[in-house]
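Just below is one structure, and these are the notes that go with it.
The values are calculated or read from the model by the stated rules, or taken from the named source; none is laboratory data. Everything numeric in this text was worked out from a predicted model, so none of it was measured. Note that we place each Cβ from the backbone using ideal geometry, even for glycine, and neighbour counts take in every protein chain shown. Accessible surface is based on the protein model in full, side chains and every heavy atom, while ligands, DNA and RNA are left aside. Shrake-Rupley method; radii C 1.70, N 1.55, O 1.52, S 1.80 Å.
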Amino acid sequence: MRENSSVSWFVGVDVGGTFTDFFAIKVLTGEIKYFKRPSTPANPGQAVVDGLREMCRALTIDPAEIKRLCHGTTVATNSLIERSGGKVALITTEGFRDLLEIGRQTRPHMYSLQEDQPEPIVPRSRRFEAQERVNSTGEIIKPLDELELEKVFDAIEECGAGSVAVCCLFSFLNKENEFRIEELFKQRFPTLPISLSSRVRPEFREYERCSTTVLNAYLQPVMGNYLIHLEKEMQDYIPEAPLRIYQSSGGLMSIETSKSFPIRTALSGPAAGAVGAVHSAYKSSRPNIATLDMGGTSADVALVKNYELGLSSDRDVAGFPVKLPMVDIHTVGAGGGSIAWLDRDGLMKVGPLSAGANPGPACYGLGGTKPTVTDANLVLGRLSSGGLIGGAMELDVDAARKAIQDIADKIKLTLEKTALGIIGIVVANMVRAVRAISVERGHDPREYALMPFGGAGPLHGSEVARAMEIKEIIIPVAPGILCAQGLITSDLKEDFIRSGRFKIDKNWPSQIKKVIADLSQEAKTWLRNEKIPATNQQFTVILDARYVGQNFELQVEFKEHNHSIIPVPTKIELVISQFNLAHKQFYGFSNQEEEIEVVNVRLTAKGHLDLVSLTPSEERTSIDCMPIGIRSVWFDETKPVKTPVYDRTNMGIGTKLSGPAIIEQFDSTTVMFPGDELHVDTSLNLIININQH
């Protein structure tokens with residue numbers, strides 16, 4: 001995709017729970033500009049529309065010069081959390097009407113005898129059976145009864161469904177019946193959205209496939225309205241800029257694809273942040289990092305090894321099983337707006353409930369009265385009373401003190417000890433999240449650097465690193481805008497899949513050649529439709545493999561040295577050794593004698609957009625950075641410490657500092673503890689060596 005870049009800006013916009021962030025870069029010069037504004041939870045798109053106009057006015061950007069707009073959205077995630085999607089009807093194979101409720105019979109809360117199963121999104125009254133059957137080899141053994149299907153359509157019309165999901169047994173092997181259902185449905189209901197499991201996720205495991213398809217249909221009315229409104233506003237204001245939407249697997253997709261597959265945006269924003277973190281790590285030559293994205297509502301952590309993000313194909317989003325490739329991110333309710341509260345046992349807890357953007361923490365002065373993590377940081381002197389967003393958003397210290405004093409009186413501790421307790425609890429929550437993606441997966445976190453970002457990440461990075469015995473943390477140039485920056489550095493991406501059971505035996509080379517050839521045709525058609533030149537194409541093959549008799553799979557990835565070539569892993573010895581290596585990494589052992597089978601073959605195609613250099617263009621060469629002030633900061637319970645405060649824009653390449661120190665910038669604040677050592681590297685990232693004593 002070639003866009004006119006003679007005088008052009010590329011813009012990334014990420015909608016968070018508290019702030020909506022904008023990252024803009026001028027293509028020819030590398031000039032970078034940032035902008036933040038409060039989110040509008042009632043209508044997330046309003047912050048995007050208003051913010052873009054405000055940014056252009058404030059930063060003197062001509063809207064006509066914006067040639068690309070990339071958007072990370074939380075609309076799908078919030079709809080799932082709040083259960084505010086559309087009214088869905090489900091058509092499935094006769095005999096499988098109750099599949100959504102039967103599920104996998106897993107018990108997430110094993111020792112709770114009072115736990116109720118959540119209500120399915122589609123009640124039984126809106127679940128209908130189609131008389132058809134395909135067997136496990138893909139053969140149609142019972143043709144679709146089209147007369148009976150008309151009765152199903154009558155019932156759908158009567159129940160008033162706003163969208164329809166179709167999930168037939170074994171449709172991932174033979175799509176014919178699902179496609180025919182869609183064809184007849186469109187003749188009857190031409191404007192009603194319909195989701196086919198053979199399009200959403202043509203993959204075995206009928207429960208997860210059905211759940212993912214239902215969720216897609218559930219989100220179609222909500223995301224459709226959102227994207228139609230946003231597209232119209234953007235076409236009126238920036239007609240030269242194609243709108244790209246970020247997907248959970250770590251790539252961009254067209255707005256038309258987003259309307260058809262909104263479930264792909266379930267982890268849109270966090271995935272963009274992780275991709276932005278990889279780019280920053282590459283600039284600082286740190287191939288192995290643990291990312292910590294702490295915003296206003298939650299903290300998202302991911303592990304990056306050799307500049308590669310892990311992908312997961314089986315996730316729960318807001319309690320719903322989703323079978324789609326997503327960046328392997330672990331999320332906890334630990335954000336700047338997380339509320340401190342007392343449980344029935346009298347112990348203080350922090351989160352997962354958040355004050356969000358409205359009313360926000362007490363210190364925002366918007367009516368919030370409950371103590372939050374942001375209030376605690378302000379009381380401890382770690383945040384400036386001068387406010388956020390470069391002083392544009394003032395903070396009320398007295399309101400923060402009053403909110404925390406209320407809970408301090410109940411637990412009979414001083415104001416400062418209570419604030420330190422709030423910080424300690426939220427740090428412990430984040431440490432558990434880092435352990436979940438490192439120690440519990442067989443990785444030693446001490447071999448990784450920690451990259452905290454988001455508006456609140458750098459405030460707590462030093463404490464998280466210290467608790468995990470991590471020696472080094474990296475603070476990107478614009479940590480609070482990194483999710484929006486990640487949108488700019490991303491490629492177009494699409495995944496193609498074939499399910500089956502392919503044993504790694506003498507027939508493997510011929511089988512995999514045929515499967516890859518079929519997938520290649522689909523991938524190249526997509527790349528051609530997206531107008532991606534051959535030089536900008538990249539391919540990865542992933543095998544979902546397991547020992548014969550195992551219930552779950554591990555992913556084994558194959559790439560060619562020349563990424564424009566589609567890899568075909570025909571060498572049996574290589575596939576076996578790569579799988580055994582993955583099995584040993586994940587489970588601690590491998591069985592060299594055990595038979596191996598592949599159940600899914602995935603081909604990921606990427607289309608590189610015109611790349612831009614994100615090396616900061618501003619000349620910052622001064623290494624003699626002087627404090628802009630001094631204030632009292634609490635680092636522990638003993639007493640406050642007189643701590644120098646620095647403006648990050650004054651810190652050039654080679655700058656060195658010793659903690660304690662507070663480093664302020666437009667989009668975030670970094671806390672250096674006593675004994676920490678900092679230097680600014682050639683990419684203007686802050687490299688902080690942690691004092692573990």
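Quick grid of which residues meet (1) under 19 Å from the mean Cα position of the chain (by Cα); (2) assigned to a helix (DSSP H, G or I); (3) over 25 Å from residue 43 (Cα atoms); (4) among the aromatic types (Phe, Trp, Tyr):
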{"position": "301", "(1), (2), (3), (4)": "yes, no, yes, no"}
{"position": "324", "(1), (2), (3), (4)": "yes, no, yes, no"}
{"position": "334", "(1), (2), (3), (4)": "yes, no, no, no"}
{"position": "339", "(1), (2), (3), (4)": "no, no, no, no"}
{"position": "360", "(1), (2), (3), (4)": "no, no, no, no"}
{"position": "368", "(1), (2), (3), (4)": "no, no, no, no"}
{"position": "376", "(1), (2), (3), (4)": "no, yes, yes, no"}
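Taken over segment 243-268, the residue count meeting the criterion of being more than 17 Å from residue 485 (Cα to Cα) and of a type outside the set (Val, Ile, Thr) is 9. What's the number of the condition residue 115 fails, among (1) open to solvent by 90 Å² or more (accessible area, probe 1.4 Å); (2) touching a helix residue (DSSP H, G or I) at 6+ places or on another chain (Cβ under 6 Å)? It is condition (2) that residue 115 fails. Once segment 651-687 is narrowed to residues that are more than 21 Å from residue 456 (Cα to Cα) and not in a strand (DSSP E or B), the residue that is most open to solvent (accessible area, probe 1.4 Å) is 682. Within segment 489-503, restricting attention to residues that are open to solvent by 20 Å² or more (accessible area, probe 1.4 Å) and not in a strand (DSSP E or B), which residue is modelled with the lowest pLDDT? My answer is 489.
The strands (runs of 3 or more DSSP E) falling completely within segment 38-131 that include 1 or more residues that are within 25 Å of the chain's Cα centre (by Cα) map to 66-72. Pairs are defined by a Cβ separation below 7 Å, a sequence spacing of at least 6 or placement on different chains, a first member in segment 41-64 that is closer than 14 Å to residue 236 by Cα, and a second member that is part of a loop (DSSP other than H, G, I, E, B) and not hydrophobic (A, V, I, L, M, F, W, C); the pairs so defined are 64/240.
Residue 373 meets the conditions (1) of a type in the set (A, V, I, L, M); (2) closer than 22 Å to residue 273 by Cα; (3) open to solvent by 20 Å² or more (accessible area, probe 1.4 Å) in every case but one. The failed one is (3).
All of 623, 572 fail the test of being more than 28 Å from the chain's Cα centre (by Cα), open to solvent by 30 Å² or more (accessible area, probe 1.4 Å) and at pLDDT below 90, apart from 623. The single condition from (1) out of contact with any strand residue (DSSP E or B) (no Cβ under 8 Å at 6 or more places or on another chain); (2) open to solvent by less than 70 Å² (accessible area, probe 1.4 Å) that residue 130 fails is (1).
If you check 538, 550, which single one turns out to be surrounded by 13 or more Cβ atoms within 10 Å (Cβ to Cβ) and in contact with a strand residue (DSSP E or B) (Cβ under 7 Å, 6 or more places away or on another chain)? Write out each step before concluding.
Details: 550 fails: in contact with a strand residue (DSSP E or B) (Cβ under 7 Å, 6 or more places away or on another chain).
Only one candidate passes the filter, namely 538.
Can you tell which of 274, 241 is under 16 Å from residue 328 (Cβ atoms) and either more than 19 Å from the chain's Cα centre (by Cα) or buried (at least 19 other Cβ atoms within 10 Å of the Cβ) (or both)?
274
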